[in-house]
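The values are calculated or read from the model by the stated rules, or taken from the named source; none is laboratory data. Note that the structure is a prediction, hence the values are computed from the model and not measured. Neighbour counts are summed over all protein chains in view; Cβ atoms, including those assigned to glycine, are modelled from backbone coordinates with ideal geometry. Heads up: the accessible areas ignore ligands, DNA and RNA and are worked out on the full protein's heavy atoms, side chains in. Shrake-Rupley method; radii C 1.70, N 1.55, O 1.52, S 1.80 Å.
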Amino acid sequence: MYSGNSGNDAWLQRTLQAALTERWLSFRSWLYLFCQRCHGRADSDSWEPRGWRKACPQPFCPSYRKFARVLCLLLLGLLTWGVVYSIVGDDAAPGGPLFALATLAIAAHFAGWLASLANMPALIGMLLTGIVLQNAGVLSVDKRYAHVVADLRKVALVIILTRAGLDLDPQAMKNMKITVPKIGLIPWTVEAGIITITSWYFMGLPLIWGFLAGSIIAAVSPAVVVPCLFRLRGKGYGVAKGIPTLIIAIAGVDDAASVAIYGIVQSIMFSDDELWYQILQGPIAIVGGLGFGTLWGILARYVPEKGDPFMVPLRVMMLLGAGMISVFGSEQINLGGAGPLAVVAAAFVSCYFWQKDGWEVDDNPVATAFEIFWMIFEPILFGVTGTQIKLNELEGSLVYVGIGCLLAGIILRILVTVLVGVGSRLNLKEKIFIALACMAKATVQAALGPATLDKIDHQDPEAKRLADTVLMLCVLSILLTAPLGAIIIMFSGPKLLTRTRAPMQPPPPHRSRRPSIRDISIINELPDLEDCSSSTGVTTPAGGATTLSNGNAPCSPTEGVAVIGSAGSADSSNTVQGIAYNSHANQNETSSGTHR
């Protein structure tokens, strides 16, 4: 009897131990994958203190490089807070308005990181953080610092537009000189017009206010589409015909148009000048902004001198200073639309001349500097925008009507984008993908949505209602389209885009950074969509001119042409003349053909 009980006890102990071991391994596997996802791609080999790996095993703990980076940022933050507290006193102490603003930015950055783990745009987490903290009564922006918040939004706008200008590939814009304006501006006009009409008819906004809202909402956000396109490009989708470059160019043109039109309309709305001058404000702003930006971009080629050892920081300060004086100065002379146009023009013209001097679009240190600026201002911009939304002041019916107006504009924009793509030599699936990718909203809406509140008389309840309605539409457009756009891009890309045989590889470790526009804006990665077809086979006869198997006009042998086989994948067995590759993935592309 005793031996039987002893055998049962041993069997039960072994079973319990096996179950615990299986559960621990399952938990350890889940924890391993979670930690690996949190820390991202492993860093290259770097110096580590003795015993670091034993004390902090990877991937459960970060590498020493990441730990040291976070610690450095923390120390810099504490030093900055100490300096500000020494200057302004109690306003920077815990409980003060400046301390609350800093807390909001840190919390928004952390929430954005959590959103990125779920493959969502980080800005969604940042925006929701501001909404939650404001409506939960945890913190709010003090009215005494409203002008500081407004100036921070303008600085963020300068950074957004400068990055948009620097990341436009001049060669790609030249190749798509008809396609980009056609697919960018015509759908933009349709969506802005639909928002204007529906907000006037269903929400009671005056036409001028509706057009103001439409000019903001019609902009496409690179902050949403770039990370998604980066992942698709890493798998080889859309590279052959340059779809990522086309979408980024469309987003840049849309953003410039939105900000310029918004500035012109706002200047007219709040202007006390004579009627004739108000009518001339639009042309004056366009000519003045483009003229100043072009001249400054030309100047930035020669000043500083390109052999100067301090060339990079000086060029960064040149563009940043020009952007600041353009935005702030144009408002002082009541030409709000001129400043944003000047920022984009200065950045684009500078990039054009720097590229001639040897700087590639995908390896521009000035653009990298502005990317760092954006990492700082992104959580501030979206967090502060979220605090402008007070849920107890919103009418439920107005929110539903606003969503309906936004959906009407988005659906019609998608249809118009597909229609105007006729003649661009894109196939139907690619047109649909471009139309879906251009539905995402975020950066311009967050920067300009609350800006009207800074202009109105807060003692006028009607003006405040109209400005709050515009802000509500902008925030709804972000919450509705940013996550939905990211999901649609990631799921529809493999279904709608052609995949090359050799997928793009990530950049080498010494150049690893956050996915940016420069990672997908590839010089000459695309054929001229307006001149030659790439949806069917391509053959190269002995004469050297590239002819099309569907009977279309021949292309120049120097055109960038990708060969698409009958199955839709890149055919590396054909002879292709003039293919250019991104510097990050030369070794992985098809080796046949001549590199430009």
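Kindly establish whether ALA240 is surrounded by 22 or more Cβ atoms within 10 Å (Cβ to Cβ) and not in a loop (DSSP other than H, G, I, E, B).
No.
Taking the condition modelled with pLDDT of 90 or more, of a type in the set (A, V, I, L, M, F, W, C), more than 15 Å from the chain's Cα centre (by Cα) and buried (at least 24 other Cβ atoms within 10 Å of the Cβ), does LEU295 pass?
For LEU295, the condition - modelled with pLDDT of 90 or more, of a type in the set (A, V, I, L, M, F, W, C), more than 15 Å from the chain's Cα centre (by Cα) and buried (at least 24 other Cβ atoms within 10 Å of the Cβ) - is not met.
It is to be established whether one or more residues within the range 422-441 are over 26 Å from PRO494 (Cβ atoms), touching a residue at least 24 places away in the same chain (Cβ under 8 Å) and in contact with a helix residue (DSSP H, G or I) (Cβ under 6 Å, 6 or more places away or on another chain).
No: the range 422-441 contains no residue that is over 26 Å from PRO494 (Cβ atoms), touching a residue at least 24 places away in the same chain (Cβ under 8 Å) and in contact with a helix residue (DSSP H, G or I) (Cβ under 6 Å, 6 or more places away or on another chain).
Checking the structure you have, find out if any residue of the range 216-224 is assigned to a loop (DSSP other than H, G, I, E, B) and open to solvent by 10 Å² or more (accessible area, probe 1.4 Å).
Checking the range 216-224: not a single residue is assigned to a loop (DSSP other than H, G, I, E, B) and open to solvent by 10 Å² or more (accessible area, probe 1.4 Å).
In the range 82-108, which residues are open to solvent by 80 Å² or more (accessible area, probe 1.4 Å) and modelled with pLDDT under 90?
Hits for the range 82-108 are ASP90, PRO94, GLY95.
Does the range 167-174 include one or more residues that are out of contact with any His (no Cβ under 6 Å at 6 or more places or on another chain) and modelled with pLDDT of 90 or more?
There is no residue in the range 167-174 that is out of contact with any His (no Cβ under 6 Å at 6 or more places or on another chain) and modelled with pLDDT of 90 or more.
Please work out which residue is surrounded by the fewest Cβ atoms within 10 Å (Cβ to Cβ), limiting yourself to the range 243-277 and to residues that are outside any helix (DSSP H, G or I) and among the acidic types (Asp, Glu).
Here the answer is ASP272.
Here is a list of conditions, (1) farther than 30 Å from GLY236 by Cα; (2) more than 21 Å from the chain's Cα centre (by Cα), and LEU496 meets all of them except one; can you say which number that is?
(1)
Of everything in the range 158-187, what is open to solvent by 10 Å² or more (accessible area, probe 1.4 Å) and more than 16 Å from ASP254 (Cα to Cα)? Give them in sequence order.
Selection gives PRO170, GLN171, LYS174, ASN175.
SER424 versus (1) assigned to a helix (DSSP H, G or I); (2) surrounded by fewer than 22 Cβ atoms within 10 Å (Cβ to Cβ); (3) of a type in the set (Gly, Ala, Ser): which is the lone unmet condition?
Result: SER424 passes all but (1).
For the subset of the range 346-383 comprising residues that are of a type outside the set (S, T, N, Q), open to solvent by less than 10 Å² (accessible area, probe 1.4 Å) and over 18 Å from the mean Cα position of the chain (by Cα), which member is modelled with the highest pLDDT?
Out of the qualifying residues, it is ALA346.
Can you spot a residue in the range 487-502 that is in a helix (DSSP H, G or I) and among the basic types (Lys, Arg)?
Yes, the range 487-502 has at least one match.
Condition first: surrounded by fewer than 24 Cβ atoms within 10 Å (Cβ to Cβ) and over 16 Å from ALA300 (Cα atoms). Now tell me which residues in the range 321-334 satisfy that.
VAL327, PHE328, GLY329, GLU331, GLN332, ILE333, ASN334 - these are the residues of the range 321-334 that are surrounded by fewer than 24 Cβ atoms within 10 Å (Cβ to Cβ) and over 16 Å from ALA300 (Cα atoms).
If only one of VAL190, VAL141, VAL155, VAL148 is over 21 Å from the mean Cα position of the chain (by Cα), within 24 Å of VAL316 (Cα to Cα), hydrophobic (A, V, I, L, M, F, W, C) and open to solvent by less than 50 Å² (accessible area, probe 1.4 Å), which one is it?
VAL148
Mind listing just one residue for me: the one in the range 387-406 that is outside any loop (DSSP other than H, G, I, E, B), at pLDDT below 90 and touching a helix residue (DSSP H, G or I) at 6+ places or on another chain (Cβ under 6 Å) and, of those, surrounded by the most Cβ atoms within 10 Å (Cβ to Cβ)?
THR387
LYS441 versus (1) more than 23 Å from ALA111 (Cβ to Cβ); (2) not in a helix (DSSP H, G or I): which is the lone unmet condition?
Every condition holds for LYS441 apart from (1).
Please count how many residues of the range 484-511 are at pLDDT below 75 and open to solvent by 20 Å² or more (accessible area, probe 1.4 Å).
9
Let me confirm something: among ILE250, ILE261, ILE286, ILE243, which residue is in contact (Cβ under 8 Å) with a residue 24 or more places away in the chain, hydrophobic (A, V, I, L, M, F, W, C) and touching a Ser or Thr at 6+ places or on another chain (Cβ under 6 Å)?
ILE261
Given the options LEU280, LEU275, LEU314, name the one that is within 24 Å of ARG163 (Cβ to Cβ), out of contact with any helix residue (DSSP H, G or I) (no Cβ under 9 Å at 6 or more places or on another chain) and free of Cβ contacts under 8 Å to residues at least 40 places away in the same chain.
Only one candidate qualifies: LEU314.
Taking the range 40-74 as the search range and keeping residues that are at pLDDT 75 or above, in contact with a Pro (Cβ under 9 Å, 6 or more places away or on another chain) and surrounded by 14 or more Cβ atoms within 10 Å (Cβ to Cβ), which one is farthest from TRP113 (Cα to Cα)?
Result: CYS56.
I'd like to check something: does the range 166-177 contain any residue that is outside any helix (DSSP H, G or I) and over 17 Å from the mean Cα position of the chain (by Cα)?
yes
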